[in-house]
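The values are calculated or read from the model by the stated rules, or taken from the named source; none is laboratory data. Remember, it's a predicted structure, so these values are computed and weren't measured experimentally. Positions of Cβ are generated from backbone atoms using ideal geometry, with glycine treated the same way; all protein chains shown enter the neighbour counts.
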Amino acid sequence: MRMAALRHISGGISIYIYGMKDMKHYAAVVAASTIWGLFAFVLRPLSRWFPQDILFNRVFLSALFMILLGLSLRRRAWISDAGIFKRLSRPDRRGAVLQALGGGFFLTFNWFFYIYVLNTVSIKAASMAYLVCPILTTVLAYFVGRELLTRRQWAAVWLSAAGCLVLAFGHMADLAYSMVIAVFYAFYLVTQRKNYGMDKVNLLTVQVVFSALLLLPFYPFYRGPVPTAALFYVLIAVIAIFYTIIPLLLSLYGLERLSSSTVGIILYINPLMGFVIAVAYYGERIDRQQALAYGIIVLSIILFNWGNPGLKGAFADDATGH
């Protein structure tokens, strides 16, 4: 009896410890989504400049920051990752390279279309992308990453899809823009799930630098007049550090233990905050149809995370799919 009691107590302590680890990863993803939900406050003041100029400067400055960080403070981490990469099998090496370069590719197009839609269409249209993204992420994670979901979580996914359909009635152009933005970020989340043992800061550095290299050949042909206002460069620096590097690192940290679909669902915080900001601060109008759709989506978030093992202190349920 005593041994059984000890095993029970030991199991409870293990669940609690694992749950606390999961809570840190949940908190990281929630923080990333909250930061991105506030993006309009720094992006809207840049609306008088061309979207491609915002993108060019955002990516180039982010790459510069990451390179300087690597050279000054993270040399040991790079040496360690070089050793890890050499010890990987050939298929894993190929997978690690594709993960890094593919991540940079998906981020580049996600950023461009998001900036374009937010500054030339509407905040609500840009926010809708991250209403669609969790659904696409879940579907891709199921078919590509073979992640399992509970029946309750699948019900939440279908409920969120219904909310998006309600929102799309009469706003099909917004939905089309949103789908383009969402598909690139959904692919990014799914492809970053596998852990090859590399440092996440180094991984993000490779992705951002590769993104800068992708954009560099287009810069001379598509850039606008060189901005002269100091405000432009101040806001770009804020975006590069606080709306690019920090939230992406938080997302990658969350993906170490959370499934892509769970991270995708938590992303709903981003568009819900954007929706509130658009209505309450920028005065964009909302009708009953949109209010109903967002209400349905809020219910889907609650349903998806209700009784979630990671939030309760265990995560075996997510791992087994029961």
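Working only within the range 95-143, note down all residues that are of a type outside the set (A, V, I, L, M), over 15 Å from Val190 (Cα atoms) and out of contact with any Phe, Trp or Tyr (no Cβ under 8 Å at 6 or more places or on another chain).
Within the range 95-143, Thr108, Trp111, Phe112, Tyr114, Tyr116, Asn119, Thr120, Ser122 qualify.
Give the range 201-229 a look and list any residue that's surrounded by fewer than 18 Cβ atoms within 10 Å (Cβ to Cβ), in contact with a helix residue (DSSP H, G or I) (Cβ under 7 Å, 6 or more places away or on another chain) and within 15 Å of Thr108 (Cβ to Cβ), or say none.
Of everything in the range 201-229, those that are surrounded by fewer than 18 Cβ atoms within 10 Å (Cβ to Cβ), in contact with a helix residue (DSSP H, G or I) (Cβ under 7 Å, 6 or more places away or on another chain) and within 15 Å of Thr108 (Cβ to Cβ) turn out to be Leu214, Tyr219, Tyr222.
Restricting to the range 53-90, name every residue that is of a type in the set (Ser, Thr, Tyr) and crowded, with 17+ Cβ neighbours inside 10 Å.
Selection gives Ser62 alone.
Show me the helices (runs of 4 or more DSSP H) found entirely inside the range 198-299 where at least 2 residues are of a type in the set (A, V, I, L, M) and touching a residue at least 24 places away in the same chain (Cβ under 8 Å).
200-215, 230-240, 246-255, 260-266, 269-280
If you take the residues of the range 9-55 that are outside any helix (DSSP H, G or I) and more than 27 Å from Leu255 (Cβ to Cβ), which of them is modelled with the lowest pLDDT?
Per the criteria, the residue is Ser47.
Can you tell which of Ser259, Ser251, Ser300 is within 22 Å of the chain's Cα centre (by Cα), modelled with pLDDT under 85 and closer than 22 Å to Met179 by Cβ?
That would be Ser300, the only listed residue that is within 22 Å of the chain's Cα centre (by Cα), modelled with pLDDT under 85 and closer than 22 Å to Met179 by Cβ.
For Ile236, only one of the following conditions fails: (1) surrounded by 13 or more Cβ atoms within 10 Å (Cβ to Cβ); (2) over 19 Å from Phe109 (Cα atoms); (3) out of contact with any Pro (no Cβ under 6 Å at 6 or more places or on another chain). What is its number?
(2)
Does Val201 qualify as being under 16 Å from the mean Cα position of the chain (by Cα), under 29 Å from Gly295 (Cβ atoms) and either modelled with pLDDT under 85 or hydrophobic (A, V, I, L, M, F, W, C) (or both)?
Here the answer is no, as Val201 does not meet what is asked.
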